[in-house]
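Colleague: Right, I'll just put the structure down here and ask away after.
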């Protein structure tokens, strides 16, 4: 049988998941139709933005996780969201937040290993508008997306 795991991972990461209505109904002791109605209503109201799987990232070659604190150049202070949105376009970037404190942006990056991270840093995070970065490497993840490991 053809191995489509890498294609499946890419689709699932982009939101191609659905809740298991029957399992939720059983756990909440409610009719499946009630659960389905409420979920659809929350989707229409944009309370639920997407569904996604929580992966064992080592098994999909994304086991190296780094948080990068970014300080912007003075000319970029007025619009940190512009740089944040540009960074969000890269598939290695899992999350981007505009923050307060001594830094303007924090980015969570997932790559296969430190060499891939280094390549990402050299090509993406050395761009104009970024004055300084500090990397914080995750040694072990104990909880992600509200799921404990």
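The values are calculated or read from the model by the stated rules, or taken from the named source; none is laboratory data. No experiment lies behind these values; they were computed from the predicted model shown. Cβ coordinates were reconstructed from backbone atoms using ideal geometry, including for glycine residues, and neighbour counts include every protein chain displayed.
Colleague: Return the residues of the range 1-22 that are over 26 Å from the mean Cα position of the chain (by Cα) and surrounded by 11 or more Cβ atoms within 10 Å (Cβ to Cβ); say none if nothing qualifies.
Modeller: 22, the sole residue that qualifies.
Colleague: So is residue 68 within 14 Å of the chain's Cα centre (by Cα), modelled with pLDDT of 95 or more and closer than 17 Å to residue 13 by Cα or not?
Modeller: When the stated conditions are applied, residue 68 does not pass them.
Colleague: Where residues in the range 65-87 are in contact with a strand residue (DSSP E or B) (Cβ under 7 Å, 6 or more places away or on another chain) and not in a strand (DSSP E or B), which of them is surrounded by the most Cβ atoms within 10 Å (Cβ to Cβ)?
Modeller: If we take residues in the range 65-87 being in contact with a strand residue (DSSP E or B) (Cβ under 7 Å, 6 or more places away or on another chain) and not in a strand (DSSP E or B), then 83 is surrounded by the most Cβ atoms within 10 Å (Cβ to Cβ).
Colleague: Sticking with this structure for a sec: Being within 24 Å of residue 5 (Cβ to Cβ) and in contact with a helix residue (DSSP H, G or I) (Cβ under 8 Å, 6 or more places away or on another chain) is the requirement here; does residue 149 meet it?
Modeller: No, not satisfied.
Colleague: Right, here's the next one. Filter the range 119-137 down to residues that are under 14 Å from residue 92 (Cβ atoms), in contact with a strand residue (DSSP E or B) (Cβ under 9 Å, 6 or more places away or on another chain) and not in a strand (DSSP E or B) and give me whichever is modelled with the lowest pLDDT.
Modeller: Looking at the filtered set, the residue picked out is 125.
Colleague: Confirm whether residue 90 is surrounded by 12 or more Cβ atoms within 10 Å (Cβ to Cβ), in a loop (DSSP other than H, G, I, E, B), in contact with a helix residue (DSSP H, G or I) (Cβ under 8 Å, 6 or more places away or on another chain) and free of Cβ contacts under 8 Å to residues at least 40 places away in the same chain.
Modeller: yes
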